[in-house]
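Q: The structure's right below; bear with me while I get my questions together.
The values are calculated or read from the model by the stated rules, or taken from the named source; none is laboratory data. Being a predicted model, the structure only gives us computed values, none of them experimental. Here Cβ is always computed from backbone atoms with ideal geometry, including for glycine, and neighbour counts include all displayed protein chains.
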Amino acid sequence: MRVISVVGARPQFVKLAPIVKAAQRAGIDHATVHTGQHYDDAMSGVFFDELGIGAPEWNLEVGSGSHGAQTGAMLAKLDELFDRERPDWVLVYGDTNSTVAGALAAVKLHVPLAHLEAGLRSFNRAMPEEHNRVLTDHAADLLLAPTDVAAGHLANEGLAERTRVVGDVMVDVLLETADRPAEPGLTARLPTEPYVLATIHRAENTDDPNRLAAVIEALASVDAPVVLPRHPRLRDRCAEAGISLEIGALHPVDPFSYAEMVQATKASIAVATDSGGLQKEAFVLGRPVTTLRTETEWVETLEDGWNVLLPDLHEISSVVLREAPDAERGTPYGTGDAADRALSALTEASVGD
Ligand code: UD1
């Protein structure tokens, strides 16, 4: 069985790592195509190096652009590649423009398509990620859902027969990384006092300068240092809008590598973010998380108040710095074997054909 994974944006490199390792264990022929959606070393190369997955077999070097231009450029190049390689499966990840481009290219060529992290829904149709995940789920032959809630969404859309619940591959890599020794040099980049870790990169928080200014001011008002890695979208939008990150409680830093991010989360007292992945990582690592969005795809994190959605920005300090709940969190995202289960589902579905 030959599987080609399509990745392009930072969180997808993290999800790819456990799949590459599980493919090696299962003796599956696996290759990776990087669309080039993310291209800065800090957003791309560093992940391939540190996660031990080697360089991708192909890099399409598509780069940034409007949603249509970026997705279209990927589609044209993936079409050519899949037509030449004719894999048994194309595997796409999550909800980025690279995901939907891989999905469209595969279905148009009748190459079997599997979607990892299927069934997530924010029900916010203004989000580019929501378009990408709905379109990809309805195109895919096999839907690899991380949770029962995600499988329920797929069932509501008539997709139950193609769905398998396999757990969350981000938990596989998180559990493996969390116990590693501290990354050299990380401590020097972090405040000495107890701190909050924050990330902001979503279009809905960064593209409107008024919203962006309000979010930055709110984070700057927190009553503890706020470590804020500068995602390129945040950096660029702040520069365009003349918004400084060197104010109040903010402690801006260059983007972290994956292991640094995990360790910075573990060492924090709380997390504030609009990232889906970080909400879940904070939850699994037992840090209270405040989500700077009106909804979350990862609703399990809301249980017992581990995650709180869209605080009133005037009260952000007390919400972010609330006590951690003492409730047990359970393992709604699996126990670290999702990649093995995902590849078993691909093998079984191939045999069933
Ligand atoms: C993308 C995903 C988002 C995911 C995020 C993770 C879509 C629609 N969005 O958002 O779901 O959570 O990745 O980071 O696919 N840039 C650089 N260097 C890079 C990459 C981007 O400077 O290596 C800058 C460019 O100015 C670019 C902007 O960041 O225009 C946004 O990049 P883009 O790939 O369009 O989306 P993200 O905001 O990163």
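Q: For A42, state whether it is touching an Asp or Glu at 6+ places or on another chain (Cβ under 9 Å), hydrophobic (A, V, I, L, M, F, W, C), within 15 Å of the ligand (Cβ to nearest atom) and under 25 Å from T199 (Cβ atoms).
A: Yes: the conditions hold for A42.
Q: Name every residue in the range 310-353 that is buried (at least 16 other Cβ atoms within 10 Å of the Cβ) and outside any helix (DSSP H, G or I), in order of residue number.
A: Passing the criteria: P311, L321, R329, P332, Y333, G334, G336, D337.
Q: Would you check which residues across the range 213-235 are surrounded by fewer than 18 Cβ atoms within 10 Å (Cβ to Cβ) and touching a Lys or Arg at 6+ places or on another chain (Cβ under 9 Å) and list them?
A: R233
Here's the yes/no breakdown for (1) under 16 Å from the mean Cα position of the chain (by Cα); (2) within 16 Å of the ligand (Cβ to nearest atom); (3) assigned by TED's automatic domain parsing to the domain that holds Q12:
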{"residue": "P229", "(1), (2), (3)": "yes, yes, no"}
{"residue": "D236", "(1), (2), (3)": "no, yes, no"}
{"residue": "G248", "(1), (2), (3)": "no, no, no"}
{"residue": "Q263", "(1), (2), (3)": "no, no, no"}
{"residue": "L278", "(1), (2), (3)": "yes, yes, no"}
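A quick yes/no check of all residues on (1) in contact with a strand residue (DSSP E or B) (Cβ under 9 Å, 6 or more places away or on another chain); (2) at pLDDT 95 or above; (3) away from the ligand (no atom under 16 Å from the Cβ):
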position	(1), (2), (3)
R162	yes, yes, yes
V173	no, yes, no
A178	no, no, yes
A182	no, no, yes
T187	no, no, yes
D207	no, yes, no
A214	no, yes, yes
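Q: Follow-up. Can you name every one of the helices (runs of 4 or more DSSP H) wholly within the range 158-266 that holds 3 or more residues which are charged (D, E, K, R)?
A: The qualifying helices (runs of 4 or more DSSP H) are 232-241.
Q: Read through the list (1) surrounded by 21 or more Cβ atoms within 10 Å (Cβ to Cβ); (2) away from the ligand (no atom under 16 Å from the Cβ); (3) modelled with pLDDT under 95, then give the number of the only condition that F47 fails.
A: (2)
Q: Go through the residues of the range 9-32 one by one and say whether even a single one is touching a residue at least 60 places away in the same chain (Cβ under 8 Å), outside the structural domain of E260 (by TED's automatic domain parsing), among the acidic types (D, E) and farther than 18 Å from L174 by Cα.
A: no
Q: Determine if the range 26-33 includes at least one residue that is exposed (fewer than 15 other Cβ atoms within 10 Å of the Cβ) and within 16 Å of the ligand (Cβ to nearest atom).
A: No - not one qualifying residue is present in the range 26-33.
Q: In the set I4, I19, which member is within 16 Å of A105 (Cβ to Cβ) and modelled with pLDDT of 95 or more?
A: One residue alone meets the criteria, I4.
Q: Give the residues of the range 125-157 that are among the polar types (S, T, N, Q) and assigned to a strand (DSSP E or B), sorted by residue number.
A: None - no residue of the range 125-157 is among the polar types (S, T, N, Q) and assigned to a strand (DSSP E or B), so the list stays empty.
Q: For A114, state whether it is surrounded by 18 or more Cβ atoms within 10 Å (Cβ to Cβ) and more than 16 Å from the ligand (Cβ to nearest atom).
A: Taking the combined requirement at face value, the residue satisfies it.
Q: For the range 252-261, indicate whether the set of residues that are surrounded by 21 or more Cβ atoms within 10 Å (Cβ to Cβ) and touching a strand residue (DSSP E or B) at 6+ places or on another chain (Cβ under 8 Å) is non-empty.
A: Yes, some residue in the range 252-261 is surrounded by 21 or more Cβ atoms within 10 Å (Cβ to Cβ) and touching a strand residue (DSSP E or B) at 6+ places or on another chain (Cβ under 8 Å).
Q: So, one more: Determine which member of the set P325, P311 is on the phi < 0 side of the Ramachandran plot and out of contact with any strand residue (DSSP E or B) (no Cβ under 8 Å at 6 or more places or on another chain).
A: P325
Q: Another question, then. Quick one: which residue in A69, A101 is surrounded by fewer than 22 Cβ atoms within 10 Å (Cβ to Cβ), within 14 Å of the ligand (Cβ to nearest atom) and assigned by TED's automatic domain parsing to the domain that holds T35?
A: A69
Q: State which residue is farthest from L190 (Cα to Cα) when the search covers only the range 268-298 and only residues that are assigned to a strand (DSSP E or B) and among the aliphatic types (A, V, I, L, M).
A: Per the stated criteria, the residue is V289.
Q: Given the criteria within 15 Å of the ligand (Cβ to nearest atom) and either free of Cβ contacts under 8 Å to residues at least 40 places away in the same chain or surrounded by fewer than 20 Cβ atoms within 10 Å (Cβ to Cβ) (or both), does N59 qualify?
A: Taking the combined requirement at face value, the residue satisfies it.
Q: To continue, here is another question. Looking only at the range 228-241, decide whether some residue is modelled with pLDDT of 95 or more, of a type in the set (G, A, S) and more than 17 Å from D208 (Cβ to Cβ).
A: no
Q: Could you tell me which numbered condition E297 fails, if it satisfies all but one of (1) surrounded by 20 or more Cβ atoms within 10 Å (Cβ to Cβ); (2) among the charged types (D, E, K, R); (3) out of contact with any Gly (no Cβ under 9 Å at 6 or more places or on another chain)?
A: Here E297 meets the rest and fails (3).
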